[in-house]
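Following: one structure in structure tokens, then a few remarks.
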Amino acid sequence: MKYYKQGQLLCYIGTWTPFVILVAIFLFFYGIYMQTYLLPRIRSEYIEKPVLEINTYLIQLVHINDYVFSNSTVVITVLLHTILVLFLITLIRVVTILPGKVPKEWLNKVEGEINKMIENEENMINFHKKGSQTSTSFSSEIDDEQRLQLNSKARLELIDKSGHRFCKNCQAFKPKRCHHCRQCKTCWLKMDHHCQWLNNCIGYNNYKLFINLLGYSWLLISFIMVTYSRCYYDTLNSYSSDSKLFLVSFTFLYCCFLWILLTAFTFFHLWAIKSNITTLEYCENKPRQPVQKSALENIVEVFGVNPLIWFLPIQPNTKPILD
Ligand SMILES: [Zn+2]
Ligand SMILES: [Zn+2]
């Protein structure tokens, strides 16, 4: 990531550790699920047929594999891995796509407005000077101190008039819903929050993908919980080894716990989208929506106008919120 200074290796390792832990937990549970449930199920439906094959040198006994899977096994395997692939694509995209900086054109436009305001003030001062002095002794020069005062006055006026904010850390103007992230040391457009687990900020450019990630995670956990409940029940009611009993119980109960957390988190974000409020605005209790819109308009603002991409890991092509 660009925003890390060189030589900060420890800081770099530290910031990526939660993400590595997240991936390790994910791989661990995927492995347990496959080893204790899906693979034994596939093996139980797998028949090996020995047949004779004659070649020039010797008569060999070879095995021809015959798969007679039940429909449910095929559906479980295909569905699980489809959700898994979508989840992984979204995870990579959310981690690698930055939330979006304030566009240079916007900053130039604001600076242009300030220069214009200063110019107008200068003209006014010169006009008054000219009126109070004779035409021969008139001097149009404004000293540095006066220019500095005009500059800060113009900036304050612009903040009052437009609602733009000024970032002391970046020493630059930013739109109303833009927020400075201390970890990233950058102002991000419509910043929602800094996610330690993904080691990235969530904002304008990747918020929809973040919601997709939540959705796929919820779907994946729900799917595992439903399909694994049978395995959990059978393990509890059979003479399984202690280690298997522990692994299956731990996986199933941990999934239930994650499901409750994810459900609450997903519902909060769906409510936030409907209400057009970011997590930061909610925590600061400072809603900064430019205008009140309907729930559908707010949903379209995040997910885009095309409902076909709402559930896919694709970022809609919308204009950044700069008011
Ligand atoms: Zn900033
Ligand atoms: Zn951040």
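Every read-out reported here was derived from the displayed coordinates using simple, explicitly stated rules and does not represent laboratory data. Given the structure is predicted, the values throughout are model-derived calculations rather than measurements. Glycine gets a Cβ as well: all are built from the backbone with ideal geometry, and neighbour counts include every protein chain shown.
A few notes on this one:
- Vicinal HN-Hα couplings computed from phi for region 240-248 (Karplus, 6.51 cos²θ - 1.76 cosθ + 1.60; Hz; Gly/Pro x): 8, 5, 4, 5, 5, 4, 5, 4, 5
- Rounded to the nearest 20 debye, dipole of region 182-248 from Cβ charges on Lys, Arg, Asp, Glu: 360
- For the peptides 161-169, 267-275, the ranking by packing is 267-275, 161-169, with the highest mean count of neighbouring Cβ atoms within 10 Å listed first.
- Close amide H pairs (under 5 Å, H built 1.01 Å from N) link Asn200 with Cys195, residues at least 5 positions away or on another chain.
- Neighbour counts of other Cβ atoms within 10 Å put Met191, Met117 in the fewest-to-most order Met117, Met191.
- Over region 174-268: Kirkwood hydrodynamic radius from C-alpha pairwise inverse distances, Å: 15.9
- Sorted largest first, extent of region 107-251 alpha carbons per principal axis (Å): 108, 21, 19
- Residues with amide H under 5 Å from that of Thr186, placed H, sequence gap 5 or more: Cys181
- Region 156-168 - phi-based ³J(HN,Hα) in whole Hz, Karplus 6.51/-1.76/1.60, Gly and Pro as x: 5, 5, 5, 4, 4, 6, 9, x, 5, 10, 10, 8, 5
- Per-residue Cβ neighbour counts within 10 Å put Cys170, Cys231 in the sequence Cys170, Cys231, beginning with the fewest.
- For region 175-188, the Karplus equation 6.51 cos²θ - 1.76 cosθ + 1.60, evaluated at θ = phi - 60°, returns couplings of x, 3, 9, 8, 9, 8, 9, 5, 5, 7, 6, 8, 8, 10 Hz by residue, with Gly and Pro reported as x.
- Estimated Rh, region 189-323: Kirkwood, alpha-carbon pairs, angstrom: 17.1
- Square roots of 5 times each gyration tensor eigenvalue, C-alpha, region 70-111, largest first, Å: 45, 8, 4
- Counted charge near Cys181, where neighbours are those whose Cβ lies closer than 13 Å (Asp, Glu -1; Lys, Arg +1): +4
- Amide H partners (placed H, <5 Å) of Lys176, local residues excluded: Arg165
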